[in-house]
Structures are given as structure tokens and as C-alpha cells.
Amino acid sequence: MTNHDFDVIVVGSGITGGFAAKQLTEAGLKVLMLERGRPIEHGADYTTEMKTPWEMPFRGEGDAALYARDYPVQQLNRHFTEFTQNHFVNDAQNPYEVGEGAFTWFRSYQMGGRSLTWGRQCYRWSDYDFGANKRDGHGADWPIRYADLAPWYDKVEEFVGVSGAKEGLAQLPDGHFQPPMALNIVEQTVREKILKQWPDRCLTVGRTANLTEAKPELGRGPCQYRNICMRGCSFGAYFSTQSSTLPAATATGRLTVITNAQVEKVDYDPATRRVTGVRWIDTQTKARKSATARMVFLNAGAFNSVHLLLNSASEAMPGGLANGSGVLGTHIMDHANTLSAAAIMPGFEDHTTFGNRPTGIVIPRFRNLDKLDGDGFTRGYSFQGGALQSTWTAGAREAGIGEDYKNHLREPGAWRMVLVVFAESVPRVTNRLALSKKLDPLGVPQLEISFNHGKEELAALADAKKEAASMLTAAGGHVIFGFDRPGPGGTAIHEMGGARMGHDPASSVLNKWSQAHQIDNLFVTDGAQMSSSACQNPSLTYMALTARAADYAVTRMKAGAI
Amino acid sequence: MTPWNRREFLSAAGLLAAALGTTPGRLLAALPAGEAPTAQQSALLKEVSQLVIPRTTTAGAGEVGGGAFLSLALAHGLKGTRAPVKDAPAGWPLRADGSLRHDLWLQQDLNRRAKGDFMAQPPAQRRALLAALDAEAFPAGPPPAQPSPWRAIKTLILTGYYTSEEGGSKELRYEAVPGRWDNDIPLHKGDRAFSSDWTAVDFG
């Protein structure tokens, strides 16, 4: 056996890269974590965190001229502002191609990746989800079920710190929760009225990776109810690589981190049928570098991990690394996402709230559970959203000038409630990633994304619009508008798939351990491994799969099998 | 008038930001000659801002730099104001790139209504003329195919005011670190909204 620089190379420092590094270093392995973006130090580098709008050159709105030039895609993200722009990529410097259809790819290339900018919603999947492909024949059957992942959800939730309410729902299993954040009076009323009419529909507060109780052992304080998480939180109150997994991995003394390192290829030795290490480009000096390891974990983010596998084609594997099946890059998914209903909620004019709760509500899936009751669709959808009072920005839609107008805008406005749908994306072979002929500024082929929502998603969104309006109306609201057409692919920022898990090496890239069928010492544990999309926010599941894969890899390595 | 040159402008803004640290005043000073407001335009934008949000128990929008913010915001195209206008009515002052010079449009429109120099009118008349323009911009029924440019200007006046220290923390309340979540408390007449309620600001 040759000497290696490291036991494991982890490519990527986001949600799953951080978790992989933590699990592997804590198991005694020497790990190199590579991050393509710049370093960001917890607290010290959250440069806009404490700024007021009047301290910002463009008052928090940002420089639209700059955004049109350098951030044409990222600026479409509702959370992209002058306060958060430094946590998103510069599109001009990080181009990608769109083949068929449309795709807005929201990215954060930096230490911590999108763990700094994620929505923090944490939901377990159930067997309705892991059994979905087998049930209706779309995609490849998952080689795992809920029971395989449940103990790993337990461990991950315990470490992450997820606040939420137990509701006893089969389709959204309860977890190890910190105390929930409370519903406001409007949401509580809507919950009760919906339950009365539809006993199978449960509005509950979002299960979110914001602490309601401190984790002093990790140096993390409780949420301060600012709801400006994406600027970075020096209280460490939400889960990110910086607040949680990086300090844990660093504390082992076995972690090496290199930033500004854009990994270009994974090296493969056909003689041993193993990967031997990775090559990267130092984005600052343009120097090409490499390191060797006994094992490689890809955690670059779903599409970038697939990109790396495609770009690591060799004579032995001409279609891409670990692509003996030919399905690498195919069956990518997102969620079909739109605002299903917005309603005025009268009757609460003398109620308000204090503080900014960093989560909304969720109405878990109620379609196509034990009975297939979807009209034109066999998968699920769920709603997120919440009730809020409007403020001065509502003035832009109203006639009026002068004292009365100003005094009117001084007080909180009418209560409104919004329901935003996330519908399951059916895995389709035609939605796929490929290498473009165009190169990025470092000379690496760009990724080409082809993506269209299908008729099943459109049918789900039509049903969602109808049901959202019914529920808000039943709860006493006056619906003012709603949509049933999804935004382009990528809108939900839940892009996944492309290196799917499956039973059969002939039709899937990874086995049930997130391990390449063809290469024992290669693991892909980010969103690329997903065989179906469910309708829940996926990050918690990625983390649970990562922890499970890391445990398996360590066991196999210690047994001498890897 | 010097034609708009985005590259030149961005590079000037970038150099200034790097050399001096970016502030709105410096960004305004860095606008290319054709985009920089004249003294007359500055006075008009300040007056219009003040008419929309006048002094009450707190200062008005014109008094807290609303006019200058408006000039900067319009030059940089905030709230879509640098998008090319389709089927612009005759007489609208367009840039070479097809976008509307909102400040010049406003000046023209108010002078037309005043049948002369808007700024030379008595205060009550200025207020009445602007109120008429405002009312016409929000017609009943479905939104018109060509919304009045006033709507974007008004949006930016509100933005400038409620994100200023006066508007954000004196007229409204600003709580950087609430520290707790009270899910249901009484709202009394006269209680002020929080400009730091980011979700409310976002969803309006």
C-alpha cells in the first residue's frame, strides 16, 4: 500500500462537507477539506451582520447596476440583498450554461458554502418518500427505507439543534427537537380552523435549525430573533459549518482546510479500481495542485459533485468517473415552487408580535398518502409560509401623500397570510447535467443544465392553488391572489440528483451506503445521491445520509476493506 | 449630455469605493456628468420627497437626504428603473439604452401640470399638483399596461426615508437584537411599526 497524504479528502465545506469532516475526524481519520471559495471566519468575517440600513451605501437594497452586471442570477433570490451579497457567487466569474428549459442556479462558493445562506428548515423523510419511486415507477427504487436512516436523523438533529413541535404525523416523522417557536395568533387560529374541517391537515411551526436553547458545549447561543441569519450569526444560533461542524472537526486536530481550491479532477487508478486523490486549481495563483488519500468524499453540492465526476472521465471511464451505468448526470430534480395563495386575515387588528421569528409555518403533505388522491399527480406537495403584518413597503401600492399618509405608514398594517407550495419533482432522464464546450475563467468546462418541470408538477401546483385558497378562506381570510405556475428550475434552491442511489449498478451510480458501485473508496454524500426529491427541504436528509456513509466508510476502512 | 456609459460609471464607482470607502455621498459625486443631478433637479427631488413624507413629529423625507438618495437610486437603476421602457409615450425622456430618465420625466410632468415652473408655485399648489399626479398613478381597476413612472419614484422615496436613521429608528422603531419572540401581544392605537421587521418589509 502506498503512502497517502491524507486518510480522506472531502471536497466541499458546506452542509454535508462539514458534516463529513466532523464525522471522519472524530473517528480518528486525517482529513483534508477543500473549498473552492474564500475563507470566512465565524463572527469576525460576518461584516454586514450588525449594520443598519443607513450604514449601507444603497440602504440594504444594493447596487442594481452592479447586480445586473455581476449577479444577474443570484439577484433573483429573495434573500440576496446588499447585506448578503458577499455570501453569494459572482455569476460573471462563475458561469454555467442552460441547455433545454431554464434553471436559476443559486450558489455560495465560500467556506461554509450554502450552510451560511440556507433556509434552515429540517424535515425528516418518511417511507411515503423512500417508497415513492417503487410505487409509481418513476425513477429507480431507493435501496433504503426510513428505518435505515432514522437513527442517523436522531444523531444529526441532536448535534444540529432543531426546534420544532412533535405532531405524530406518519408523513413527517417527529425528531429530537428543541422547544418549538410559537405560532402567532393568526397562524394558531388558522391551524385550529383547518384541523376542524380537514383533520388530516396539520399546520405546525417550521422545524428549523435555529436554537431555542443554547448549546454551550459548542459555544452556541440561543436565537436572538433578528431573522437576518444569512448575513452570518456570530451568536452561532443557527447551524452552519462555521458555527458547528468546523469547530468540532478542528478540535480533533486531524483536519486540514484549504480554501480557494477549485477541484478539477478526481484521480482514478484502473489497476486497483480505486480513486487515489484529487487535483485542484488555486483560484488565486492559478497553480495546479494535488493530494492523495485512501478515500474521497464528494460534497461539492449536488450539481458540482456531478460536474466533478463528469470532468474526471478517463480512458478507463470515458463517460465520467463511476459512470458505468450511463445515468450519471441524469434525473436531476428541484421542487416546483410558487406562491399558492395570499390572503388578508381580518379580525386580529388589535394583535401584534415582538421579535422576528426566523421560521415560518409548514402544512405537511396530505395528498397521495395511503390513497392515491392526486388529480394528475402521484407525488406530494406541502406548504410553507406564515402570517405577518405589512409595513411601510405596502405604501408603494397605495395612493396618498402627506401627513395622513405618513401617519398611516407609521403603524403596523393589516395581517396577511401566505402559503408557498413545494411540490415533489419527478425524476426524469431528460432533466440532466452535461459538460459544456464552453470553459470557465480557469479553463474548466462549464456545467450545462437542462431542466423542465413536467405535467405532474403542474397538476400538483394547480391542486395546491385550489387547496390553499380553500384553507385560508375556511380560516376566515380573503384571498387576494395565488399562482399555479412554478418558477424556473432552481427556484426552490433544492436542486438534487444526478448520481443517484440504487440497488442495481446497471442503473444507478451509488449503492445504499452513498458509495460508488464501481469504486469502493469513493463516496458522494450530498444532494447528488438523491433518487427522488420528496417535497421536504432536503438538507437534514443529506446530513443524515452523510453521517451514515461516514460511519460505514470508517468501519470498512478499519476492517481493511477500503 | 454625456451618454450613459455603464462601464465607465461602474469603474468610477468601484475606484472610489476602493479608495475612499463607499458612502452614498461619494457615490453620488461619482455619477457621470449626464446622470448627476443639476442643482435645480436636486431641489425638485428634495421638495417632492418632502411632500410625500412631510415633517410631523419627526423630520420629513426631503430633510433627511431623500432627494440625494433618489438621484443615486435612479442612476443605478434600483427597483427596475434602468430597464428599457417598451412603447414609451412620445416626449418621455429616454436614455440611449431605452430606459427612462425618471427625474427628468418628473420635472417635465410637474411643470406641465403647473403650466410653468413647478418649484415657483406656492407650497399648497405644489402639494395639490403632486397629489393629482399621485392619484392618477393609482387608478381603480386592473393595473394599466404602462404604469406611471411615479410609482417607481414613490417607492424609492419611501425606501430612502424608512431606511434612513430618522425614518427607520425615530419615525418607526428599529430593534437590532430583539432577543425574544412574543407571539401575541396587544397592539394599541399609535404603536409604531418596526423597520427591523425584515419579513414585513420584504413582503410589504
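The values are calculated or read from the model by the stated rules, or taken from the named source; none is laboratory data. Model, not experiment: these values are computed from the prediction. Virtual Cβ from ideal backbone geometry, glycine too; neighbours counted across all protein chains shown.
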- Message: I'm trying to understand the selection: among the residues of the range A:13-72, which are of a type in the set (Gly, Ala, Ser) and under 24 Å from the mean Cα position of the chain (by Cα)?
- Response: A:SER13, A:GLY14, A:GLY17, A:GLY18, A:ALA20, A:ALA21, A:GLY37, A:GLY43
- If we keep only residues of the range B:61-98 that are within 13 Å of another protein chain (Cβ to nearest Cβ), in contact (Cβ under 8 Å) with a residue 24 or more places away in the chain and among the small types (Gly, Ala, Ser), then the residue surrounded by the fewest Cβ atoms within 10 Å (Cβ to Cβ) is B:GLY80
- Item | Hits in the range A:212-232 - residues which are more than 18 Å from the chain's Cα centre (by Cα) and surrounded by 24 or more Cβ atoms within 10 Å (Cβ to Cβ) | A:CYS223
- Of the residues in the range B:125-177, those that are touching a helix residue (DSSP H, G or I) at 6+ places or on another chain (Cβ under 8 Å), farther than 24 Å from A:GLU49 by Cα and polar (S, T, N, Q) number 3
- Which of the residues spanning the range B:119-147 are part of a loop (DSSP other than H, G, I, E, B), within 11 Å of another protein chain (Cβ to nearest Cβ) and among the small types (Gly, Ala, Ser)? B:ALA140
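Say we look at the range B:103-123 and pick out the residues that are small (Gly, Ala, Ser) and under 18 Å from B:LYS46 (Cβ atoms); which of these is surrounded by the fewest Cβ atoms within 10 Å (Cβ to Cβ)?
It comes out as B:ALA120.
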- Do we have any residue at all in the range A:85-101 that's under 21 Å from the mean Cα position of the chain (by Cα), over 21 Å from A:GLY489 (Cα atoms) and within 14 Å of another protein chain (Cβ to nearest Cβ)? yes
- Message: Of everything in the range A:373-395, what is touching a helix residue (DSSP H, G or I) at 6+ places or on another chain (Cβ under 8 Å) and more than 9 Å from chain B (Cβ to nearest Cβ)? Give them in sequence order.
- Response: A:GLY374, A:ASP375, A:GLY376, A:PHE377, A:THR378, A:ARG379, A:GLY380, A:TYR381, A:PHE383, A:ALA387
- Within the range A:513-549, how many residues are among the aromatic types (Phe, Trp, Tyr) and assigned to a loop (DSSP other than H, G, I, E, B)? 1
- Residues satisfying the stated conditions in the range A:365-395, i.e. touching a Gly at 6+ places or on another chain (Cβ under 7 Å) and either without any contact (Cβ under 8 Å) to a residue 12 or more places away in the chain or basic (Lys, Arg) (or both): A:ARG365, A:ARG367, A:THR393
- Item | Among residues of the range A:53-69, those that are in contact (Cβ under 8 Å) with a residue 12 or more places away in the chain and surrounded by fewer than 18 Cβ atoms within 10 Å (Cβ to Cβ), counted | 1
- Task: Select from the range A:121-166 the residues that are without any contact (Cβ under 8 Å) to a residue 40 or more places away in the chain, not small (Gly, Ala, Ser) and not in a helix (DSSP H, G or I) and list them in ascending order.
- Result: A:ARG145, A:LYS166
- Item | Residue under evaluation A:GLY43, criteria (1) buried (at least 23 other Cβ atoms within 10 Å of the Cβ); (2) away from every other protein chain (no Cβ under 14 Å), criterion not met | (1)
- Restricting the search to the range A:256-274, which residues are closer than 19 Å to A:GLU35 by Cα and either assigned to a strand (DSSP E or B) or charged (D, E, K, R) (or both)? A:THR256, A:VAL257, A:ILE258, A:ALA261, A:GLN262, A:VAL263, A:GLU264, A:LYS265, A:VAL266, A:ASP267
- Task: Could you list all residues from the range B:31-57 that are within 12 Å of chain A (Cβ to nearest Cβ), touching a Leu at 6+ places or on another chain (Cβ under 9 Å) and part of a loop (DSSP other than H, G, I, E, B)?
- Result: B:LEU31, B:GLU35, B:ILE53
- When the range A:503-562 is checked residue by residue, the ones that are within 30 Å of A:ASP174 (Cα to Cα), β-branched (Val, Ile, Thr) and crowded, with 21+ Cβ neighbours inside 10 Å are A:VAL524, A:THR525, A:THR541, A:THR546
- Message: Anything in the range A:396-423 that is touching a Leu at 6+ places or on another chain (Cβ under 8 Å) and either more than 13 Å from chain B (Cβ to nearest Cβ) or among the hydroxyl-bearing types (Ser, Thr, Tyr) (or both)? List them, or say none.
- Response: A:VAL421, A:ALA423
- Task: Please verify whether the range A:333-341 includes one or more residues that are outside any loop (DSSP other than H, G, I, E, B), under 30 Å from B:GLY167 (Cβ atoms) and touching a residue at least 12 places away in the same chain (Cβ under 8 Å).
- Result: yes
- Being in a loop (DSSP other than H, G, I, E, B) and at pLDDT 95 or above narrows A:ARG428, A:ARG416 down to just A:ARG428
- Answer residue from the range A:54-77, given it is charged (D, E, K, R) and farther than 18 Å from A:PHE103 by Cα and is farthest from the other protein chains (Cβ to nearest Cβ) among those: A:GLU55
- Those residues of the range A:332-368 which are farther than 30 Å from A:GLN224 by Cβ and in contact with an Asp or Glu (Cβ under 8 Å, 6 or more places away or on another chain) amount to A:ILE332, A:MET333, A:ASP334, A:ALA336, A:THR338, A:SER340, A:PHE366, A:ARG367
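Confirm whether A:ALA65 is over 30 Å from B:GLY167 (Cβ atoms) and part of a helix (DSSP H, G or I).
No.
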- Task: Give the number of residues within the range B:175-193 that are surrounded by 15 or more Cβ atoms within 10 Å (Cβ to Cβ) and more than 7 Å from chain A (Cβ to nearest Cβ).
- Result: 1
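Out of the residues in the range B:22-42 that are in contact (Cβ under 8 Å) with a residue 60 or more places away in the chain and within 16 Å of the chain's Cα centre (by Cα), state the one that is surrounded by the fewest Cβ atoms within 10 Å (Cβ to Cβ).
Per the criteria, the residue is B:GLN41.
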